[in-house]
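First up is the structure itself, then whatever we jot down about it.
The values are calculated or read from the model by the stated rules, or taken from the named source; none is laboratory data. All values reported here derive from a predicted model rather than from experimental measurement. Because the Cβ atoms are built from the backbone with ideal geometry, glycine has one as well, and the counts that use them run over all protein chains shown. These area figures cover heavy atoms from the full protein model, side chains too; ligands, DNA and RNA do not enter into them. Shrake-Rupley method; radii C 1.70, N 1.55, O 1.52, S 1.80 Å.
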Amino acid sequence: MRANPLFRYEEVAGFVCALVENGTLPPGSRVPSLREISKQRRVGLTTALQAYRLLEDRGILEARPQSGHYVAKRGAVLLEAPAISNPPKTATSVDIADVVVKLLQYAADPGLVPLGCAIPSAKLLAAGRLDRFLSRAARLKGADYNTYTAPKGDLRLRQEIARRALRWGQALSPEEIVITCGCTEAVTLALQTVSKAGDTIAIESPTYFGLLHSLEALNLKALELPTDATSGVDLSALERALKRKTIAACLLSSSFNNPLGCTMPDAKKLAVLNLLAKYCVPLIEDDIYGDIYFGAGRPKPFIALDRRGTTLYCSSFSKTIAPGYRIGWLATRRGMQFAIERKLAFTLSGSALAQIAFADFLASGGYDSHLRRLRRLFEDTIDQMLRTIAKSFPKDTKVTRPSGGFVLWLELPKSVDSRALFEKALQNGICFAPGDVFSASGRFRNCLRLSCGHGWDSRIEGGVRGLGSLACAQAGLGPR
């Protein structure tokens, strides 16, 4: 019997899944309590809890306060999660710019079913309300605001961001925040602060292609770390990399990684922070999806757990309010002056009017109600898409079950080449993101990412079904 608790909780989860699949535990029925299942399967309560949480993440079980766990009434989507990645153990130069440019061009084509880029539909976001705040600011004080902002950005906006950070336990000063042109500029400034051309940055694998593009632009190398679709990077692989003393910085997503959608438990985040502190390696944190959580509370970012205050925190409102306004921020106590100097050299200042409008919108109190609606919509869209994938894609397709964000990562049979599938899909009016763009080493050719950011309607459903049919044809397999 395997002693590793990771394998044990997966075994327990598989046992319960089989009971659901064969009808022993029908939708809505109560499953054995944690004590009962731990006794039956001869595992500890902690292992049983891990198994049930995994099944909750996959939408198979739901927890009811003071009552226990039940089979989700809508029925389970019984698809396995993708396997943990196995990237090269050496650093890789990044060469992805041409592919990213072409993908973004296709993603902007309104004639294609929008399953490609992780940009929410403007109809779902709060841009309309924000536009009214912008119009009001321009009307009342347009002349006053038609100027450069302070180097760190508008003070009121930085104050509002600092107030929101208090909700997840982080006491930030507005002076520790610089407003940027989206999260991409924040990450780029952070990378420039802690590294130089030729350095190696440790990243998740797969990781967002925009981060890879930033590494390429700065002439940085990428060391891809094995990453689990549920719990994030492999700690032992991270420590082995750090021991070689060739890592200049670590760049990780704290919540709902793009494309896997995984979130590390707090204990694992602390372990990462302790490892990085041990080897004196800085952490750059991308938390752009943190506010789009489906559970009871927002996951804590690394910066809220970092007692040493060395994390460089990057985020933006592009996924929740208005991507076109390009409002992001970098929060750090490390190298702030250098980051400001770089920002002034390249962009000098952001839009004063846009920052004023954001500050007014956040102060109005409408953001939280908007987020609640957005979370429900994305959660429902992911559920609908998972069910359609289960019916339409080739047998043995694996898919993530994220507890936040709005992207899904699919691992298809090895016979499927997502690059060839991408070209065929374009001919059929469908856009998605092929898997190899999420790797510096060109891996994941049999994988792809789907965006759930446009809600669920007949056009999206038809696109997912159509893509599934194309994948079945290429694999020479029928759906499950």
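Taken as a whole, the structure leaves ALA475 outside the set of residues that are at pLDDT 95 or above and touching a strand residue (DSSP E or B) at 6+ places or on another chain (Cβ under 7 Å). Does at least one position in region 224-240 carry a residue that is modelled with pLDDT under 95 and basic (Lys, Arg)? No, every residue in region 224-240 fails to be modelled with pLDDT under 95 and basic (Lys, Arg). Across region 20-43, the number of residues qualifying as part of a helix (DSSP H, G or I) and modelled with pLDDT of 85 or more comes to 8.
For (1) under 15 Å from LEU330 (Cα atoms); (2) under 20 Å from the mean Cα position of the chain (by Cα); (3) crowded, with 20+ Cβ neighbours inside 10 Å, each residue gets a yes or a no:
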position	(1), (2), (3)
GLY153	yes, no, yes
ARG158	yes, no, yes
GLU185	yes, yes, yes
THR193	yes, no, yes
GLU204	no, yes, yes
LEU212	no, yes, yes
ASN219	no, no, no
ASP234	no, yes, no
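With respect to (1) touching a Phe, Trp or Tyr at 6+ places or on another chain (Cβ under 7 Å); (2) open to solvent by less than 10 Å² (accessible area, probe 1.4 Å), the lone exception for THR263 is condition (2). Only one of the listed residues (PRO114, PRO110, PRO88) is open to solvent by 20 Å² or more (accessible area, probe 1.4 Å) and free of Cβ contacts under 8 Å to residues at least 40 places away in the same chain. That residue is PRO110.
If you check PHE346 against the conditions, is it under 30 Å from LYS196 (Cβ atoms), touching a Ser or Thr at 6+ places or on another chain (Cβ under 6 Å) and either surrounded by fewer than 18 Cβ atoms within 10 Å (Cβ to Cβ) or modelled with pLDDT under 90 (or both)? No: the conditions fail for PHE346. For region 363-381, the set of residues classified as open to solvent by 20 Å² or more (accessible area, probe 1.4 Å), assigned to a helix (DSSP H, G or I) and in contact (Cβ under 8 Å) with a residue 12 or more places away in the chain consists of ALA363, ARG375, LEU377, GLU379, ASP380, listed by residue number. Just so you know, in region 221-232 the residues that are open to solvent by 10 Å² or more (accessible area, probe 1.4 Å) and in contact with an Asp or Glu (Cβ under 8 Å, 6 or more places away or on another chain) include one that is nearest to ASP98 (Cα to Cα), and it is LYS221. Across region 22-51, the number of residues qualifying as free of Cβ contacts under 8 Å to residues at least 40 places away in the same chain and not aliphatic (A, V, I, L, M) comes to 13. List the residue pairs whose Cβ atoms are under 8 Å apart, where the first residue sits in region 235-256 and is at negative phi, the second is open to solvent by 60 Å² or more (accessible area, probe 1.4 Å) and in a helix (DSSP H, G or I), and the two are 6 or more positions apart or on different chains. The qualifying pairs are LEU242/LYS278. In the set (1) assigned to a helix (DSSP H, G or I); (2) at pLDDT below 90, THR147 fails one condition alone, (1). With respect to (1) open to solvent by 10 Å² or more (accessible area, probe 1.4 Å); (2) at pLDDT below 95, the lone exception for ALA248 is condition (2).
Would you confirm, using the coordinates I've provided, whether LYS196 is more than 24 Å from MET336 (Cβ to Cβ), part of a loop (DSSP other than H, G, I, E, B) and charged (D, E, K, R)? It is false that LYS196 is more than 24 Å from MET336 (Cβ to Cβ), part of a loop (DSSP other than H, G, I, E, B) and charged (D, E, K, R). Mind telling me which of the residues GLY455, GLY442 ends up being at pLDDT below 95 and open to solvent by less than 20 Å² (accessible area, probe 1.4 Å)? Every option except GLY455 fails the conditions. Per the listing VAL407, VAL416, the residue uniquely closer than 20 Å to GLN105 by Cα and among the β-branched types (Val, Ile, Thr) is VAL407.
Residue-wise test of (1) hydrophobic (A, V, I, L, M, F, W, C); (2) at pLDDT below 95.
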| site | (1), (2) |
| --- | --- |
| LEU260 | yes, no |
| LYS269 | no, no |
| VAL272 | yes, no |
| LEU276 | yes, no |
| TYR279 | no, no |
| GLU285 | no, no |
| PHE302 | yes, no |
| ARG307 | no, yes |
| SER316 | no, no |
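Would region 244-258 turn up any residue that is farther than 30 Å from PRO65 by Cα, outside any strand (DSSP E or B) and in contact with a helix residue (DSSP H, G or I) (Cβ under 7 Å, 6 or more places away or on another chain)? Checked region 244-258: no residue is farther than 30 Å from PRO65 by Cα, outside any strand (DSSP E or B) and in contact with a helix residue (DSSP H, G or I) (Cβ under 7 Å, 6 or more places away or on another chain).
The residues of region 259-304 that are under 19 Å from ALA331 (Cα atoms), under 13 Å from the mean Cα position of the chain (by Cα) and assigned to a strand (DSSP E or B), listed by number, are GLU285, ASP286. Here region 124-148 is the region considered, the condition is being among the aromatic types (Phe, Trp, Tyr) and open to solvent by 50 Å² or more (accessible area, probe 1.4 Å), and the residue that is nearest to the chain's Cα centre (by Cα) is TYR148.
The set of residues in region 277-314 being charged (D, E, K, R) and open to solvent by 40 Å² or more (accessible area, probe 1.4 Å) consists of LYS278, ARG298, LYS300, ARG307, ARG308. Hydrophobic (A, V, I, L, M, F, W, C), within 26 Å of THR263 (Cα to Cα) and at pLDDT 85 or above: does that describe ALA81? Yes: the conditions hold for ALA81.
If you take the residues in region 44-78 that are of a type in the set (A, V, I, L, M, F, W, C) and open to solvent by 20 Å² or more (accessible area, probe 1.4 Å), which one is modelled with the lowest pLDDT? Walk me through how you get there before you give the answer.
To start, the set of residues in region 44-78 that are of a type in the set (A, V, I, L, M, F, W, C) comprises 45, 48-49, 51, 54-55, 60-61, 63, 71-72, 76-78.
From what is left, the residues that are open to solvent by 20 Å² or more (accessible area, probe 1.4 Å) are 45, 49, 63, 76, 78.
Details: LEU45: 90, LEU49: 91, ALA63: 86, ALA76: 57, LEU78: 67.
This residue is ALA76.
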